[in-house]
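To start, I am sharing the structure in question, which I have written as structure tokens.
The values are calculated or read from the model by the stated rules, or taken from the named source; none is laboratory data. Only a predicted model underlies this, so the values are computations on that prediction, with no experimental measurement involved. When we count neighbours, we look across all protein chains shown, and the Cβ atoms used for this are built from the backbone with ideal geometry, even at glycine.
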Protein chains: 2
Amino acid sequence: MGNSKLYKGSLNTIILKLLEESDKMYGYEITQKVKEITKGELNITEGALYPALHKLEAEGLLDVEMQKVDNRLRKYYKLTEKGTKETANRLTELEEYIRTMQTIINPKWSIS
Amino acid sequence: MGNSKLYKGSLNTIILKLLEESDKMYGYEITQKVKEITKGELNITEGALYPALHKLEAEGLLDVEMQKVDNRLRKYYKLTEKGTKETANRLTELEEYIRTMQTIINPKWSIS
DNA sequence: AACTTATGCATAAGAAAATTATGTATATAT
DNA sequence: ATATATACATAATTTTCTTATGCATAAGTT
């Protein structure tokens, strides 16, 4: 994960997108899912994840539901209505960001 | 620039890439170039740029050359040999990051 | 002549978001 | 028995940025 610096600022968007796909997830599940879909490329640390989840909840973008499974507690998070709208915005911004960075990597202004 | 958070961590890569393209540039020129190629989407602030340039120089990735133009001082930065190698690495990492984020935005793991 | 905007560099204070290091606790595999 | 996996949490520190400020010259405006 040598490119971990680039992920700074995109954690919230990743969380929101995963919740949009999976309806509800708990913290540990999110770390595993990200590890899986990025083939180990990205490992979300707990010290980043849990504060981020708490903040998204405080902003009213996520709802929480506790559930006990195998005598272990899970905190399931799901998008609120506000969270669903915000997710769309964040994804649009991410797409814009990616387009901009593509422009910088692969500049038209240097070919001719 | 509503997506400014996403740019966290990518400023160094942007600087290095521009210097790879343009051989040598000075700080103010970099801010204008970025504004130009991103069509105003991204505005690099001086408070971020100058410390970043100083750090890249301290790391041995950039060399500095002072030049006086129209009675105003410019600090021209150019890649060192080490900087050129590091730029290649950073760009590879950026491409990996973009691929990963594309995977998250447009997940294969949810279609079937 | 006075004033504003552009050019050019720099740093300090503060905020935001991460890493790293802990801490607690149960379940499972060796 | 011991280590690894599961599950959450927070505190200290670091990194990186924004915002505010400072200095100085050139060019354009009223």
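Condition check ((1) within 13 Å of chain A (Cβ to nearest Cβ); (2) modelled with pLDDT under 95) across all residues:
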site: B:57; (1), (2): no, no
site: B:66; (1), (2): no, no
site: B:73; (1), (2): no, yes
site: B:84; (1), (2): no, no
site: B:87; (1), (2): yes, no
site: B:100; (1), (2): yes, yes
site: B:106; (1), (2): yes, yes
site: B:110; (1), (2): yes, yes
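Looking at (1) in contact (Cβ under 8 Å) with a residue 24 or more places away in the chain; (2) in a helix (DSSP H, G or I), can you tell me which one residue B:18 breaks?
(1)
For the subset of the range A:39-55 comprising residues that are within 14 Å of chain B (Cβ to nearest Cβ) and within 13 Å of residue A:11 (Cβ to Cβ), which member is farthest from DNA strand D (Cβ to nearest atom)?
First pass over the range A:39-55, keeping only residues within 14 Å of chain B (Cβ to nearest Cβ): A:39-44, A:48, A:52, A:55.
Then drop every residue that is not within 13 Å of residue A:11 (Cβ to Cβ), which leaves A:42-44, A:48, A:52, A:55.
Working: A:42: 16, A:43: 12, A:44: 11, A:48: 8, A:52: 9, A:55: 10 Å.
Selected residue: A:42.
Here is a check on your reading of the model: is residue B:92 part of a helix (DSSP H, G or I), touching a strand residue (DSSP E or B) at 6+ places or on another chain (Cβ under 9 Å) and within 14 Å of another protein chain (Cβ to nearest Cβ)? Lay out the reasoning, then the answer.
Values: part of a helix (DSSP H, G or I): yes; touching a strand residue (DSSP E or B) at 6+ places or on another chain (Cβ under 9 Å): no; within 14 Å of another protein chain (Cβ to nearest Cβ): yes.
So residue B:92 does not fit the description; no.
To continue, here is another question. Looking only at the range A:52-86, count how many residues are within 15 Å of DNA strand C (Cβ to nearest atom) and in a helix (DSSP H, G or I).
Looking only at that region, the number is 8.
If you don't mind, another one. May I ask you to list the residues in the range B:6-35 that are more than 8 Å from every other protein chain (Cβ to nearest Cβ) and more than 25 Å from residue B:60 (Cβ to Cβ)?
B:32, B:35
Continuing with the same structure: Go through (1) more than 23 Å from residue B:105 (Cβ to Cβ); (2) near DNA strand D (Cβ under 9 Å from one of its atoms) for residue A:25 and report which single condition fails.
Going through the list (1) more than 23 Å from residue B:105 (Cβ to Cβ); (2) near DNA strand D (Cβ under 9 Å from one of its atoms), residue A:25 breaks only (1).
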